[in-house]
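Just below is one structure, and these are the notes that go with it.
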Amino acid sequence: MRSSLAVSAVLAGFLLAGCGSGADGALPERTGTPAPEPTAEGPARTAPAKSVAVADQCSLLTPDQLSALGFDQQPRARESQGVPGCQFEAGEPGSPGWGAFVAADQRTMRDFLAAGRGAVQGDLGGYPTAQVDNGSGCLLSIDVSDSGSLFVNAIVRPGADPEVGSGCDAATRVAEAAIANLPNA
């Protein structure tokens, strides 16, 4: 019963993180109880393992990548649920645009899968992924390391440039760029 309640609490945190109307990028709340291992094994990582020990989370995207992705606001370091990351924005808050919270996180993709029932598994250039799409936002966890993951929460606001696509399209493009900048393990 307690295990079920803990998993439900973490799942609620994941879903609420992507449901906000702003691009706050909230991460799922941490619990004191470790999440159970997922019952189904996902695809194996075939790309080189990356380190999630990053001193400056805002260095996960270079100035050229920021420009190519359309981010026009100054990146800002912030925490979500105690996890350090960086908020990247296109368009002023409250205006049409989109944003992404990116974190090289100590939690693994397996943790994400165990807590986020309904996550769809996939692959991104040899890195297994798990994503939860709520229509305007997308939570994406990428298995880049045995000791952590790359986490992206992208939210596309109404009226954003149609080329941005869905929240998961945006999250995938941000993840591809950030993976290139993670140091090898």
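The values are calculated or read from the model by the stated rules, or taken from the named source; none is laboratory data. Note that the structure is predicted; figures quoted are calculated from it, not measured. Ligands, DNA and RNA are excluded from the accessible area calculation, which covers all protein heavy atoms including side chains. Shrake-Rupley method; radii C 1.70, N 1.55, O 1.52, S 1.80 Å.
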Estimated translational D of segment 48-96 in µm²/s (Stokes, Kirkwood radius over Cα pairs; 4 °C; 1.567 mPa s): 107
Alpha-carbon spread of segment 78-145, three principal axes, descending order, Å: 34, 26, 24
Span from the segment 47-86 Cα centroid across to the segment 142-176 one, whole angstrom: 12
Placed amide H near Ser80: partners under 5 Å, 5+ positions off or other chain: Gly85
Fraction of accessible area attributable to carbon and sulfur, segment 49-185 (%, probe 1.4 Å): 50
For segment 74-88, 3J(HN,Hα) per residue [Karplus equation, 6.51 cos²θ - 1.76 cosθ + 1.60, θ = phi - 60°, Hz, x = Gly/Pro]: 5, x, 9, 5, 7, 10, 10, 6, x, 9, x, x, 9, 9, 10
Hz values of 3J(HN,Hα) by residue in segment 89-95 - Karplus curve (6.51, -1.76, 1.60), Gly and Pro given as x: 9, 10, x, 5, x, x, 9
Probe 1.4 Å, protein heavy atoms only - accessible area per residue of segment 103-185 in square angstrom: 37
At q = 0.16, 0.21 Å⁻¹, base-10 log of I(q)/I(0) for segment 66-185 (Debye sum, equal scatterers on each alpha carbon): -0.72, -1.22
Estimated vicinal HN-Hα couplings, Hz - segment 124-129 in sequence order (Karplus 6.51, -1.76, 1.60; Gly, Pro = x): 9, x, x, 10, x, 10
